[in-house]
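Here's the structure, in C-alpha coordinates; my notes come after.
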Amino acid sequence: MPAVHIMVVFPNAKINLGLNVTNKRKDGYHDIVSCFVPVPYSEVLEIIVSKKFSFTSSGFAIPGKPEENLCVKAFKLLKKDFGLPEVSIYLHKMIPIGAGLGGGSADATFTLKALNDLFELFLDDSLLEDYAAQLGSDCPFFVRNQPAMAYGTGNQLEEIDLPLSDKYLLLVTPTVHISTAEAYRGITPTRPTANLKDILRQTPVHEWKHLVRNDFEATVFPKYPELAEVKEKLYQAGALYASMSGSGSTLYGLFETEPPEEISFNTHYHAQSFAL
(Lines give C-alpha, C1' and ligand atoms only; values in the text may rest on other atoms or scores of the structure.)
Protein backbone atom coordinates (compact mmCIF):
# COMPACT_ATOMS: atom_id res chain seq x y z
CA MET A 1 0.00 0.00 0.00
CA PRO A 2 1.23 3.55 -0.73
CA ALA A 3 2.30 5.83 2.11
CA VAL A 4 -0.29 8.36 0.92
CA HIS A 5 -3.86 7.11 0.49
CA ILE A 6 -5.46 10.07 -1.24
CA MET A 7 -4.60 12.30 -4.19
CA VAL A 8 -6.43 15.46 -5.27
CA VAL A 9 -5.62 17.09 -8.63
CA PHE A 10 -7.20 19.79 -10.76
CA PRO A 11 -7.62 18.88 -14.45
CA ASN A 12 -7.63 22.04 -16.57
CA ALA A 13 -9.10 22.97 -19.93
CA LYS A 14 -7.32 23.87 -23.15
CA ILE A 15 -8.10 26.04 -26.16
CA ASN A 16 -7.06 25.69 -29.78
CA LEU A 17 -5.24 28.52 -31.52
CA GLY A 18 -6.11 27.67 -35.10
CA LEU A 19 -7.32 24.26 -36.19
CA ASN A 20 -6.72 23.04 -39.74
CA VAL A 21 -8.05 19.65 -40.83
CA THR A 22 -5.46 18.57 -43.37
CA ASN A 23 -6.20 14.95 -44.29
CA LYS A 24 -8.66 12.09 -43.80
CA ARG A 25 -6.74 8.98 -42.81
CA LYS A 26 -7.38 5.39 -43.86
CA ASP A 27 -8.29 4.54 -40.25
CA GLY A 28 -11.20 7.01 -40.40
CA TYR A 29 -9.54 9.66 -38.24
CA HIS A 30 -8.28 13.04 -39.47
CA ASP A 31 -4.87 14.70 -39.41
CA ILE A 32 -4.86 18.20 -37.99
CA VAL A 33 -2.56 21.14 -37.39
CA SER A 34 -3.39 23.17 -34.30
CA CYS A 35 -1.87 24.84 -31.27
CA PHE A 36 -3.06 23.59 -27.88
CA VAL A 37 -2.87 26.08 -25.00
CA PRO A 38 -3.70 25.15 -21.37
CA VAL A 39 -6.01 27.56 -19.57
CA PRO A 40 -6.58 27.92 -15.80
CA TYR A 41 -10.17 26.65 -15.89
CA SER A 42 -10.18 23.52 -13.76
CA GLU A 43 -12.28 20.82 -12.18
CA VAL A 44 -11.55 18.62 -9.15
CA LEU A 45 -10.46 14.99 -9.26
CA GLU A 46 -10.00 12.96 -6.06
CA ILE A 47 -8.60 9.43 -5.92
CA ILE A 48 -8.65 7.43 -2.66
CA VAL A 49 -7.21 3.96 -2.08
CA SER A 50 -10.22 1.76 -1.32
CA LYS A 51 -11.28 -1.85 -0.78
CA LYS A 52 -13.87 -1.52 -3.56
CA PHE A 53 -13.74 0.39 -6.85
CA SER A 54 -16.19 3.23 -7.38
CA PHE A 55 -16.60 6.25 -9.63
CA THR A 56 -18.88 9.15 -8.70
CA SER A 57 -19.28 12.65 -10.06
CA SER A 58 -21.01 15.94 -9.38
CA GLY A 59 -21.32 19.23 -11.23
CA PHE A 60 -22.14 18.96 -14.93
CA ALA A 61 -23.94 15.69 -15.71
CA ILE A 62 -21.71 13.25 -17.59
CA PRO A 63 -23.49 11.26 -20.31
CA GLY A 64 -22.93 7.52 -20.71
CA LYS A 65 -22.36 4.68 -18.30
CA PRO A 66 -19.85 5.21 -15.45
CA GLU A 67 -17.69 2.32 -16.70
CA GLU A 68 -17.31 4.19 -20.02
CA ASN A 69 -15.90 7.30 -18.34
CA LEU A 70 -12.33 8.10 -19.35
CA CYS A 71 -11.20 8.30 -15.71
CA VAL A 72 -12.36 4.72 -15.21
CA LYS A 73 -10.67 3.61 -18.43
CA ALA A 74 -7.43 5.30 -17.31
CA PHE A 75 -7.50 3.43 -14.01
CA LYS A 76 -8.19 0.08 -15.70
CA LEU A 77 -5.34 0.69 -18.14
CA LEU A 78 -2.77 1.05 -15.34
CA LYS A 79 -4.37 -1.59 -13.13
CA LYS A 80 -3.94 -4.14 -15.93
CA ASP A 81 -0.22 -3.44 -16.24
CA PHE A 82 0.69 -2.75 -12.59
CA GLY A 83 -1.86 -4.69 -10.55
CA LEU A 84 -3.03 -1.60 -8.71
CA PRO A 85 -5.32 -1.93 -5.68
CA GLU A 86 -8.88 -0.63 -5.97
CA VAL A 87 -9.64 3.08 -5.68
CA SER A 88 -12.59 5.42 -5.29
CA ILE A 89 -12.60 8.15 -7.94
CA TYR A 90 -14.64 11.31 -7.45
CA LEU A 91 -14.86 13.98 -10.17
CA HIS A 92 -16.45 17.39 -9.73
CA LYS A 93 -17.19 18.35 -13.34
CA MET A 94 -16.89 22.10 -13.96
CA ILE A 95 -15.72 22.26 -17.60
CA PRO A 96 -18.73 22.08 -19.95
CA ILE A 97 -19.08 18.91 -22.01
CA GLY A 98 -19.04 19.11 -25.81
CA ALA A 99 -17.47 22.54 -25.60
CA GLY A 100 -14.15 22.03 -27.38
CA LEU A 101 -12.17 22.57 -24.16
CA GLY A 102 -10.76 19.06 -23.73
CA GLY A 103 -12.20 18.51 -20.26
CA GLY A 104 -12.70 14.77 -20.68
CA SER A 105 -9.19 14.34 -22.06
CA ALA A 106 -7.76 16.31 -19.15
CA ASP A 107 -9.68 14.15 -16.65
CA ALA A 108 -8.28 10.97 -18.21
CA THR A 109 -4.68 12.17 -18.25
CA PHE A 110 -4.79 13.67 -14.77
CA THR A 111 -6.10 10.31 -13.56
CA LEU A 112 -3.01 8.66 -15.04
CA LYS A 113 -0.72 11.27 -13.48
CA ALA A 114 -2.41 11.03 -10.07
CA LEU A 115 -2.21 7.22 -10.05
CA ASN A 116 1.45 7.44 -11.09
CA ASP A 117 2.18 9.64 -8.07
CA LEU A 118 -0.13 7.85 -5.64
CA PHE A 119 1.30 4.39 -6.31
CA GLU A 120 4.86 5.54 -7.07
CA LEU A 121 4.95 3.92 -10.50
CA PHE A 122 7.79 6.25 -11.63
CA LEU A 123 6.45 6.53 -15.17
CA ASP A 124 8.20 9.37 -17.01
CA ASP A 125 6.36 11.85 -19.23
CA SER A 126 7.03 9.84 -22.40
CA LEU A 127 5.51 6.67 -20.93
CA LEU A 128 2.55 8.62 -19.55
CA GLU A 129 2.01 10.07 -23.03
CA ASP A 130 1.98 6.55 -24.47
CA TYR A 131 -0.72 5.51 -22.01
CA ALA A 132 -2.65 8.74 -22.58
CA ALA A 133 -2.63 8.18 -26.34
CA GLN A 134 -4.56 4.93 -25.77
CA LEU A 135 -7.38 6.96 -24.21
CA GLY A 136 -7.80 9.76 -26.76
CA SER A 137 -5.99 11.93 -29.28
CA ASP A 138 -5.98 15.05 -27.08
CA CYS A 139 -4.94 13.21 -23.92
CA PRO A 140 -1.11 13.21 -24.33
CA PHE A 141 -1.11 17.03 -24.35
CA PHE A 142 -2.17 17.16 -20.70
CA VAL A 143 0.86 15.19 -19.51
CA ARG A 144 3.26 18.15 -19.88
CA ASN A 145 0.39 20.66 -20.01
CA GLN A 146 2.40 23.32 -21.87
CA PRO A 147 1.56 25.21 -25.09
CA ALA A 148 2.28 22.88 -27.99
CA MET A 149 1.80 22.53 -31.70
CA ALA A 150 -0.31 19.46 -32.38
CA TYR A 151 -0.02 17.32 -35.51
CA GLY A 152 -1.30 13.92 -36.60
CA THR A 153 -4.59 13.26 -34.82
CA GLY A 154 -3.50 15.73 -32.16
CA ASN A 155 -1.15 13.27 -30.47
CA GLN A 156 2.13 14.48 -32.05
CA LEU A 157 3.26 17.44 -29.97
CA GLU A 158 5.96 20.09 -30.28
CA GLU A 159 6.39 22.73 -27.57
CA ILE A 160 6.04 26.36 -28.61
CA ASP A 161 6.67 29.72 -26.93
CA LEU A 162 3.70 32.07 -27.34
CA PRO A 163 3.32 35.84 -26.76
CA LEU A 164 0.35 35.41 -24.40
CA SER A 165 1.76 35.85 -20.90
CA ASP A 166 0.34 39.38 -20.52
CA LYS A 167 -3.01 38.71 -22.23
CA TYR A 168 -6.49 37.99 -20.89
CA LEU A 169 -8.83 35.24 -22.01
CA LEU A 170 -12.62 35.28 -22.06
CA LEU A 171 -14.34 31.92 -22.60
CA VAL A 172 -17.97 31.94 -23.70
CA THR A 173 -19.80 28.60 -23.80
CA PRO A 174 -23.35 28.78 -25.21
CA THR A 175 -25.81 26.06 -24.23
CA VAL A 176 -25.13 24.17 -27.46
CA HIS A 177 -23.53 20.70 -27.42
CA ILE A 178 -21.59 19.83 -30.57
CA SER A 179 -20.25 16.29 -30.92
CA THR A 180 -16.91 15.80 -32.64
CA ALA A 181 -18.57 13.56 -35.24
CA GLU A 182 -21.12 16.27 -36.01
CA ALA A 183 -18.40 18.89 -36.42
CA TYR A 184 -16.35 16.72 -38.78
CA ARG A 185 -19.40 16.02 -40.94
CA GLY A 186 -19.05 18.20 -44.02
CA ILE A 187 -15.38 19.07 -43.45
CA THR A 188 -13.23 18.97 -46.58
CA PRO A 189 -9.60 18.50 -45.55
CA THR A 190 -7.22 21.05 -47.07
CA ARG A 191 -3.58 21.78 -46.49
CA PRO A 192 -3.05 25.35 -45.21
CA THR A 193 -0.99 27.66 -47.40
CA ALA A 194 0.77 29.26 -44.42
CA ASN A 195 2.66 27.71 -41.49
CA LEU A 196 0.54 28.08 -38.34
CA LYS A 197 3.53 27.80 -36.00
CA ASP A 198 5.36 30.63 -37.80
CA ILE A 199 2.25 32.83 -37.72
CA LEU A 200 1.75 32.34 -33.97
CA ARG A 201 5.40 32.99 -33.14
CA GLN A 202 6.14 35.85 -35.54
CA THR A 203 2.87 37.75 -36.01
CA PRO A 204 1.26 40.17 -33.50
CA VAL A 205 -1.88 38.75 -31.88
CA HIS A 206 -4.13 41.44 -33.35
CA GLU A 207 -3.17 40.25 -36.86
CA TRP A 208 -4.22 36.64 -36.18
CA LYS A 209 -7.80 37.58 -37.08
CA HIS A 210 -6.85 37.51 -40.76
CA LEU A 211 -4.39 34.60 -40.64
CA VAL A 212 -5.44 32.00 -38.04
CA ARG A 213 -8.62 30.03 -38.67
CA ASN A 214 -10.54 27.13 -37.17
CA ASP A 215 -11.83 25.01 -40.07
CA PHE A 216 -14.79 23.81 -38.00
CA GLU A 217 -16.32 27.28 -38.00
CA ALA A 218 -17.19 26.83 -41.68
CA THR A 219 -19.38 23.80 -40.89
CA VAL A 220 -20.64 24.70 -37.42
CA PHE A 221 -21.56 28.40 -37.81
CA PRO A 222 -24.15 27.89 -40.58
CA LYS A 223 -25.95 25.34 -38.39
CA TYR A 224 -25.60 27.39 -35.18
CA PRO A 225 -25.59 31.06 -36.26
CA GLU A 226 -25.70 32.18 -32.62
CA LEU A 227 -22.07 31.03 -32.32
CA ALA A 228 -21.00 33.34 -35.15
CA GLU A 229 -22.82 36.15 -33.34
CA VAL A 230 -20.86 35.43 -30.14
CA LYS A 231 -17.58 35.63 -32.06
CA GLU A 232 -18.56 38.97 -33.57
CA LYS A 233 -19.58 40.30 -30.14
CA LEU A 234 -16.15 39.37 -28.78
CA TYR A 235 -14.50 41.47 -31.48
CA GLN A 236 -16.92 44.33 -30.78
CA ALA A 237 -15.92 44.11 -27.10
CA GLY A 238 -12.27 44.65 -28.03
CA ALA A 239 -10.84 41.17 -28.50
CA LEU A 240 -7.50 41.09 -30.30
CA TYR A 241 -8.40 37.64 -31.61
CA ALA A 242 -11.54 35.52 -31.31
CA SER A 243 -12.24 31.96 -32.39
CA MET A 244 -14.15 28.79 -31.68
CA SER A 245 -12.12 26.30 -29.67
CA GLY A 246 -11.75 22.79 -31.04
CA SER A 247 -14.97 21.51 -32.55
CA GLY A 248 -16.99 23.92 -30.36
CA SER A 249 -19.19 25.15 -28.93
CA THR A 250 -16.97 27.38 -26.77
CA LEU A 251 -15.73 30.62 -28.28
CA TYR A 252 -12.95 32.67 -26.79
CA GLY A 253 -11.48 36.12 -27.07
CA LEU A 254 -7.91 37.20 -26.33
CA PHE A 255 -7.75 40.70 -24.85
CA GLU A 256 -4.96 43.17 -24.14
CA THR A 257 -6.65 44.23 -20.87
CA GLU A 258 -9.23 42.61 -18.60
CA PRO A 259 -12.35 42.01 -20.72
CA PRO A 260 -15.65 43.73 -19.93
CA GLU A 261 -17.61 42.03 -17.17
CA GLU A 262 -20.84 41.99 -19.12
CA ILE A 263 -21.24 41.48 -22.85
CA SER A 264 -24.76 41.10 -24.23
CA PHE A 265 -25.08 37.90 -26.27
CA ASN A 266 -28.24 36.82 -28.08
CA THR A 267 -28.06 33.35 -26.55
CA HIS A 268 -27.79 31.65 -23.17
CA TYR A 269 -24.16 31.18 -22.26
CA HIS A 270 -21.63 30.49 -19.52
CA ALA A 271 -18.71 32.94 -19.41
CA GLN A 272 -15.37 32.86 -17.58
CA SER A 273 -12.38 35.21 -17.84
CA PHE A 274 -8.76 34.48 -16.91
CA ALA A 275 -5.38 36.20 -16.87
CA LEU A 276 -2.88 34.26 -18.95
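The values are calculated or read from the model by the stated rules, or taken from the named source; none is laboratory data. In this text the structure is predicted, and so the values were computed from the model without any measurement. Positions of Cβ are backbone-derived with ideal geometry, glycine not excepted, and every protein chain shown enters the neighbour counts.
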ask   = So which residues in segment 183-236 are in contact (Cβ under 8 Å) with a residue 60 or more places away in the chain and part of a helix (DSSP H, G or I)?
value = 183, 184, 196, 197, 199, 200, 208, 234
ask   = Of all residues in segment 100-140, how many are of a type in the set (S, T, N, Q), surrounded by fewer than 23 Cβ atoms within 10 Å (Cβ to Cβ) and under 14 Å from residue 9 (Cβ atoms)?
value = 1
key: Hey, residue 178 touching a strand residue (DSSP E or B) at 6+ places or on another chain (Cβ under 8 Å) and in the same structural domain as residue 248 (by TED's automatic domain parsing) or not   = no
ask   = Among the residues of segment 189-207, is there at least one that is at pLDDT below 95, of a type outside the set (Val, Ile, Thr), surrounded by 12 or more Cβ atoms within 10 Å (Cβ to Cβ) and touching a His at 6+ places or on another chain (Cβ under 7 Å)?
value = yes
query = Restricting attention to segment 61-96, which residues are farther than 19 Å from residue 113 by Cβ and surrounded by 16 or more Cβ atoms within 10 Å (Cβ to Cβ)?
reply = 62, 96
message = Considering only residues that are under 16 Å from residue 62 (Cα atoms) and either among the hydroxyl-bearing types (Ser, Thr, Tyr) or out of contact with any helix residue (DSSP H, G or I) (no Cβ under 9 Å at 6 or more places or on another chain) (or both), which ones fall in segment 87-134?
response = 90, 92, 99, 101, 103, 105
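Let's see how each residue does on (1) surrounded by fewer than 17 Cβ atoms within 10 Å (Cβ to Cβ); (2) closer than 29 Å to residue 198 by Cα:
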{"site": "6", "(1), (2)": "yes, no"}
{"site": "12", "(1), (2)": "no, yes"}
{"site": "33", "(1), (2)": "no, yes"}
{"site": "38", "(1), (2)": "no, yes"}
{"site": "49", "(1), (2)": "no, no"}
{"site": "54", "(1), (2)": "yes, no"}
Members of segment 143-170 that are among the hydroxyl-bearing types (Ser, Thr, Tyr) and part of a strand (DSSP E or B) = 151, 168
query = So which of 183, 148, 239 is surrounded by 17 or more Cβ atoms within 10 Å (Cβ to Cβ), touching a strand residue (DSSP E or B) at 6+ places or on another chain (Cβ under 8 Å), of a type in the set (Gly, Ala, Ser) and not assigned by TED's automatic domain parsing to the domain that holds residue 13?
reply = 239
